[in-house]
1. So for the range 134-147 (the condition being at positive phi, away from ligand 2 (no atom under 16 Å from the Cβ), of a type in the set (A, V, I, L, M, F, W, C) and assigned to a loop (DSSP other than H, G, I, E, B)), does at least one residue qualify?
2. Any idea which of (1) within 16 Å of ligand 2 (Cβ to nearest atom); (2) polar (S, T, N, Q); (3) at pLDDT 95 or above is the one Ser459 doesn't satisfy?
3. Collect the residues in the range 69-116 that are within 16 Å of ligand 1 (Cβ to nearest atom) and part of a loop (DSSP other than H, G, I, E, B), keeping them in residue-number order.
4. When you check Ile76 against the structure, is it modelled with pLDDT of 95 or more, open to solvent by less than 10 Å² (accessible area, probe 1.4 Å) and among the aliphatic types (A, V, I, L, M), yes or no?
5. What pairs come out if I take residues in the range 382-396 that are of a type in the set (Lys, Arg) and pair them with residues that are away from ligand 1 (no atom under 12 Å from the Cβ) whose C-beta lies under 8 Å away, six or more apart or interchain?
6. Within the bounds of the range 103-123, is there any residue that is over 19 Å from Gly428 (Cβ atoms), among the charged types (D, E, K, R) and in contact with a Leu (Cβ under 9 Å, 6 or more places away or on another chain)?
7. Restricting attention to the range 168-201, report how many residues are part of a helix (DSSP H, G or I) and of a type in the set (Asp, Glu).
8. Between Leu119, Leu67, Leu81, Leu103, which is among the hydrophobic types (A, V, I, L, M, F, W, C) and either farther than 23 Å from Leu199 by Cβ or open to solvent by less than 10 Å² (accessible area, probe 1.4 Å) (or both)?
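The values are calculated or read from the model by the stated rules, or taken from the named source; none is laboratory data. Only a predicted model underlies this, so the values are computations on that prediction, with no experimental measurement involved. Quick reminder, even Gly has a Cβ in these numbers, built from the backbone with ideal geometry, and neighbours come from all protein chains shown. To get the accessible areas, we keep the full protein, side chains included, count just its heavy atoms, and leave off ligands, DNA and RNA. Shrake-Rupley method; radii C 1.70, N 1.55, O 1.52, S 1.80 Å.
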Amino acid sequence: MASVPSSHSSPSSQPPARRPSGSAPAPLHLAPAPWSPDSWKACRLAQGIEYPDAAALDASLARLASLPPLVTSWEIERLKLLITDAQQGRRFLLQGGDCAETLEDCRSESIASKLKILLQMSMVLVQGLKLPVIRVGRFAGQYAKPRSSAMETRQVDGKEVTLPSYFGDLINRSPFDEASRRPDPGLLVSAYEHAAMTLNFIRSLIDGGFADVHHPEYWDLSFFSHASLSPQRRAEYEQMRSHLSDGLRFMEALGERAVGDLTRMEFFTSHEGLNLYWESAQTRRVPRRTGWYNLTTHLPWIGERTRAIDGAHIEYFRGIENPVGIKLGPGVRPHEVLALIDRLSPENEPGKIVLITRMGASQVVEALPPLVETINRAGRLVLWVCDPMHGNGIKTGAGIKTRSFDAILKELELCHDVHRSLGSILGGVHFELTGEDVTECVGGAAGVTEQSLTSNYASLCDPRLNYQQSLELAFLLSRKMGPGRRDADGE
Ligand code: PEP
Ligand code: CO
């Protein structure tokens, strides 16, 4: 990732929105032309936000359109090239971060620890898979959340109160009171500023080398010694760690400059492109390139709830040059996916489409093969990525939202098996994780139990893997997918 934002970009020529979303549904927009950064406004908008103050919305969007971009077109084009490699099995994509970032959590420790765990996981994967890894954070812009219901009802002082749901810090605030839940256009600018601060810090950390990432002896691998690990598994982990250390020492022996060159990390950002006001205000043309770029992030994705072929999100996304992720749950039909790909990448552009499947461990074996067969047989160029988080949500007896480490691992393994059996390639993984010691997902060698979930449950949205669980998954994934290890299942 280059370290300086583009100074060449010009603001969108489109005037900012006049009409709040959620107003009278517009006619379906089936014909794929003409496109502009605002043409989505003529389409049906899922997860639309009703901004009560249209003038304040306009002012925020005008401000956003005037600010410098967060990322540059050449970084975006570079990522497309890397994804093209991954589509051919020559790289592997690791995408991860919070379910939802909050403005409050824009702190140095939390950003550094998230970046650190992602980089450490990537090094385990490089070592285990023998492939370069593309590192993509779910951060510096992951501030908007789709909700299953637009309104939320709670009992307050014995009375039933209904307010808008919390849609993430880009849109409103989480406390359950009227003022907090009112969509606030000021947050569009504020979130943008926080994304810029986050990205600025990440760029500096990466440029500075982030030393302890390159020294596995500084990593917290205490889960190795946990009693629940079998001696065989422990020996395997130790062997992987020792290979990793040897590899890094070898690079060090090549001299300082070589280490700098070899270990320089490229890093990219991603978020769900949910709030189209925000996305389109930063969608620009850049000099000497054709097309429009979403300059809030390198890899925006379309969520499971907003991928209707005739909806506003697909209309917006079809016009941008960025690579695009599409989340696919177990209910999706192969012909729908083909139609989405053809709408978003009519020229079947390499490096453009990332299909992020999130089927759930219990459904992946049934739901995934028809998609893989149809898309691959049709010759569409896609990168297949497994999100083992969003199909594996459960609630404990006490009503706490959690996910089980075993189910997450199972979906990853089955997804890999499905692709392999069909001659396809699982080219990446997508996690919700944090670098901190939270207790939100159950399981893993370090042993978060249902009873201990409340000891440090910090997520406002979905439960995330903690530091140790994330690192352990990287080891297990390497063990499953690395060359020569493919059938080393079960103990
Ligand atoms: C998410 O990634 O946080 C999310 C909401 O995913 P999905 O759209 O797959 O449900
Ligand atoms: Co989530």
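1. Yes, because at least one residue in the range 134-147 is at positive phi, away from ligand 2 (no atom under 16 Å from the Cβ), of a type in the set (A, V, I, L, M, F, W, C) and assigned to a loop (DSSP other than H, G, I, E, B).
2. Unmet for Ser459, out of (1) within 16 Å of ligand 2 (Cβ to nearest atom); (2) polar (S, T, N, Q); (3) at pLDDT 95 or above: (3).
3. Hits for the range 69-116 are Asp98, Cys99, Ala100, Glu101, Thr102, Asp105.
4. Values: modelled with pLDDT of 95 or more: yes; open to solvent by less than 10 Å² (accessible area, probe 1.4 Å): yes; among the aliphatic types (A, V, I, L, M): yes.
Taking the combined requirement at face value, the residue satisfies it.
5. Final answer for the pair search is Lys395/Lys401; Lys395/Thr402.
6. For the range 103-123, residues over 19 Å from Gly428 (Cβ atoms), among the charged types (D, E, K, R) and in contact with a Leu (Cβ under 9 Å, 6 or more places away or on another chain): present.
7. So the answer is 2.
8. On the way: Leu67 fails: either farther than 23 Å from Leu199 by Cβ or open to solvent by less than 10 Å² (accessible area, probe 1.4 Å) (or both); Leu81 fails: either farther than 23 Å from Leu199 by Cβ or open to solvent by less than 10 Å² (accessible area, probe 1.4 Å) (or both); Leu103 fails: either farther than 23 Å from Leu199 by Cβ or open to solvent by less than 10 Å² (accessible area, probe 1.4 Å) (or both).
It is Leu119.
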